[in-house]
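Heads up: the structure comes next, in structure tokens.
The values are calculated or read from the model by the stated rules, or taken from the named source; none is laboratory data. For clarity, every value in this text was computed on a predicted model and none was experimentally measured. A quick note on method: Cβ atoms are made from the backbone with ideal geometry, for glycine too, and the neighbour counts reach across all protein chains shown. Just so you know, the surface numbers come from the protein's heavy atoms only, side chains and all, with ligands and any DNA or RNA stripped out. Shrake-Rupley method; radii C 1.70, N 1.55, O 1.52, S 1.80 Å.
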Amino acid sequence: MAHHTPMPDAYIAEFLDLARSANVSFDITNDRLHMRMVNPDWTLWSPIRHLLDEIGQEQIEAFLRRETAAQDLVARSAQASAERLHLAVEVMRTPT
């Protein structure tokens, strides 16, 4: 596998947005990076393929893993906040 110069996350996010706009998506399934194309915009395939080669699969995979971990953290935090709010509402409803 070729070694690619590390790219800022913002560049990788822009690449993923470009790919999404062409109906090409990347995700991690069964611990592997997968690219899915559903009715792709073939006029954008050449620049997407070029950027994919330039960025490299390893960096895209690492970015998606970091993003997923961050989203999971936010979701767990939101769930904990909702549970605390629910408990507070129950305490306020309880007659003293």
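Nearest 500 deg cm²/dmol is fine: what mean residue ellipticity at 222 nm does the chain get from its DSSP H runs of n ≥ 4 alone, each adding -39,500 (n - 2.57), divided by its residue count?
On the way: 3 runs with 61 residues, N = 96.
Helix contribution divided over all residues of the chain: -22000 deg cm²/dmol.
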* Gaussian network model of the chain, Cα within-10 Å springs - most flexible of LEU73, LEU85, LEU18 -> LEU85
* Asked: Carbon and sulfur: what percent of the stretch 7-91's accessible surface (1.4 Å probe)?
  -> 57 percent
* Probe 1.4 Å, accessible area per residue of the stretch 30-96, Å² -> 79 Å²
* **Estimated dipole of the chain in Debye, rounded to 20 [Cβ of Lys and Arg +1, of Asp and Glu -1, Cα centre]** => 320 debye
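Give me the net charge for the shell around LEU16: Cβ to Cβ below 11 angstrom, other residues only, Lys and Arg +1, Asp and Glu -1.
Values: positive: ARG20; negative: ASP9, GLU14, ASP17, ASP27, GLU67.
Here the charged neighbours net out to -4.
With contacts defined as alpha carbon pairs under 8 Å and 6 or more residues apart, what's the relative contact order of the chain in percent? Walk me through the numbers before you get to the answer.
Working: 55 pairs, mean separation 26.9, N = 96.
Worked out over the chain, it gives 28 percent.
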* To do: May I ask you to compute the full-extension gain from ALA69 to ASN39, defined as 0.36 nm times their residue separation minus their alpha-carbon distance, rounded to one decimal in nm?
  => 7.9 nm
* Work the Kirkwood hydrodynamic radius out for the chain: mean of 1/r over every pair of different alpha-carbon atoms, inverted, in Å. => 16.0 Å
